[in-house]
1. Could you please let me know if Leu36 is assigned by TED's automatic domain parsing to the domain that holds Ala79 and either touching a residue at least 24 places away in the same chain (Cβ under 8 Å) or not small (Gly, Ala, Ser) (or both)?
2. Give all pairs with beta carbons closer than 7 Å in which a residue from the stretch 40-55 that is on the phi > 0 side of the Ramachandran plot meets a residue that is at pLDDT below 85; count only pairs at least 6 apart in sequence or on separate chains.
3. Need at least 1 residues that are at pLDDT 80 or above per element, so show me which helices (runs of 4 or more DSSP H) inside the stretch 25-142 make the cut, counting only ones lying wholly within it.
Amino acid sequence: MKERLFIPIAIALIILMAYNVAIAFAATKMQRQHLLSAIEHLPASTDCLFLGNSLMEAGCDPGAFESSWAPTNSSPMAANLGLGATTPVEHYLILKQALSRPVAAAPTSLRYPGSFEVITATNTGAVVQRYMDKLLESSTVP
């Protein structure tokens, strides 16, 4: 009797293990994983971050932004951290993750879709605080 149960249980465990391996492999290919990898490889000289949902992800070209900057000694280094199907809370978490990295200087501007002004500040804490103020302001408007 025990031998009869052992074979189906062993087959079920093998199927579950194979399923878990497939899920782990697929998770490394997801957009969110690519975004986390991009955050980890952000250059220390990044000056401007673009956050948002799929509209920002698809519609923002940091290279075009940098190249169209008024001719000065150096154009700002920009990064697009937009990710499809995300909410403002997830945007905050993405920003928090990006600003938690050690960088030469924290980004001084942040562009968020839906607001016509660019949020600027002189330090990381102020950037996050102004971002959160804008989120709260936009969520309380009827």
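The values are calculated or read from the model by the stated rules, or taken from the named source; none is laboratory data. Keep in mind that what you see is a predicted model, and the values were worked out from it rather than measured. We place every Cβ from the backbone using ideal geometry, glycine too, and count neighbours over all the protein chains shown.
1. Considered against the rule, which asks whether it is assigned by TED's automatic domain parsing to the domain that holds Ala79 and either touching a residue at least 24 places away in the same chain (Cβ under 8 Å) or not small (Gly, Ala, Ser) (or both), Leu36 comes out as no.
2. Gly52/His91; Gly52/Tyr112; Gly52/Pro113
3. Counting at least 1 such residues, we get 31-40, 54-59, 62-67, 88-99.
So that you can scan it fast, the table gives a plain yes or no per residue for (1) surrounded by 10 or more Cβ atoms within 10 Å (Cβ to Cβ); (2) outside the structural domain of Ser100 (by TED's automatic domain parsing); (3) within 16 Å of the chain's Cα centre (by Cα):
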| site | (1), (2), (3) |
| --- | --- |
| Arg4 | no, yes, no |
| Ala10 | yes, yes, no |
| Met17 | yes, yes, no |
| Leu49 | yes, no, yes |
